[in-house]
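Asker: First the structure, then my questions, so here it is.
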Amino acid sequence: AAELGRIARVASERLIRLGNDLLDLDKLGAGKLQLHAEDAEPRVLVGDALEQMRGLALGAGVRLVSQVAASDPIVIDHDRIAQVLNNLLANAVHFSQRGGEVRVDVRPGRAGFLRFAVTDHGAGIPRAALARLFGKFEQIDGADGRDRSGTGLGLAISKAIVEQHHGQIGVDSRVGVGS
């Protein structure tokens, strides 16, 4: 009975996440998701994201590291950019090998922007799949063929949030090297 209760809880939490993701995506697509822009320190933003992912990384046997080479505050919706970082970090951890490392680097980008990079050394993403990566409901298995569960909405939502901040999001990946 306890195991059935746990399974039901996990399934209901997944459905709630899916519902929230669909609502976010609908609001973003309609331009109705309002950003609550405020000053944020990159080091704090990255530190918070790493702390939230620490349990997932520990369970996967993956080390989280960061290097933040930007100290000036940026004006962003802290919660939404944290959502993007958490999604990118979770994906990187899921696709990393036990004993691997996921790295977050922040450095100045084009005028008025910062470049956030989340790097893993997992199996990489096949070239043919890269064009679909940020699409809605896309789930792309890594080059190692291992299935990863999810809604297929995280990267589409991340892309919309970054673009609403007038930024860009993309991926560089090589099979056998990482992303």
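Asker: Give the ranking of R127, R43 by solvent-accessible surface, highest area first, calculated with a 1.4 Å probe.
Answerer: Values: R127 195, R43 140 Å².
Ranking R127, R43 by accessible area, largest first, yields R127, R43.
Asker: Suppose R0 equals 30 Å; then what is the FRET efficiency for D105 and L130 from their Cβ-Cβ distance, rounded to the nearest 0.05? Walk me through the numbers on the way to the answer.
Answerer: Numbers: r = 21 Å, r/R0 = 0.69.
The calculated FRET efficiency here is 0.90.
Asker: I want to check the label-to-label distance for A69 and A2. Put each point 7 Å from Cα in the C-beta direction and report it in nm to one decimal.
Answerer: With each label placed 7 Å out from Cα toward Cβ, I get 5.1 nm.
Asker: Take the Cβ-Cβ distance between Q52 and R9 as r, set R0 to 25 Å, and report the resulting FRET efficiency rounded to the nearest 0.05. Write down the numbers at each step before the final one.
Answerer: On the way: r = 20 Å, r/R0 = 0.81.
E(calc), rounded to 0.05, equals 0.80.
Asker: So who's got an amide H within less than 5 Å of the one on G109, skipping anything under 5 residues away but keeping other chains? H placed 1.01 Å off N, in plane.
Answerer: L114, R115
Asker: In nm, give the distance between the simple-model label positions of E38 and D172, each being 7 Å from the Cα along the Cα-to-Cβ direction.
Answerer: 3.4 nm
Asker: Related question: For D172, D105, give the ranking by accessible area with the largest first, probe 1.4 Å. Don't skip to the answer; put the middle values down first.
Answerer: Values: D172 120, D105 40 Å².
These residues rank, largest area first, as D172, D105.
Asker: Under a plain spin-label model, where a point goes 7 Å from the Cα along Cα-to-Cβ, how far apart in nm are D79 and A117?
Answerer: My value for the distance between the label points is 3.2 nm.
The values are calculated or read from the model by the stated rules, or taken from the named source; none is laboratory data. Owing to the predicted nature of the structure, the values given are computational and were not obtained by experimental measurement. When we count neighbours, we look across all protein chains shown, and the Cβ atoms used for this are built from the backbone with ideal geometry, even at glycine. What goes into the accessible areas is simple: the full protein's heavy atoms, side chains included, and nothing from ligands, DNA or RNA. Shrake-Rupley method; radii C 1.70, N 1.55, O 1.52, S 1.80 Å.
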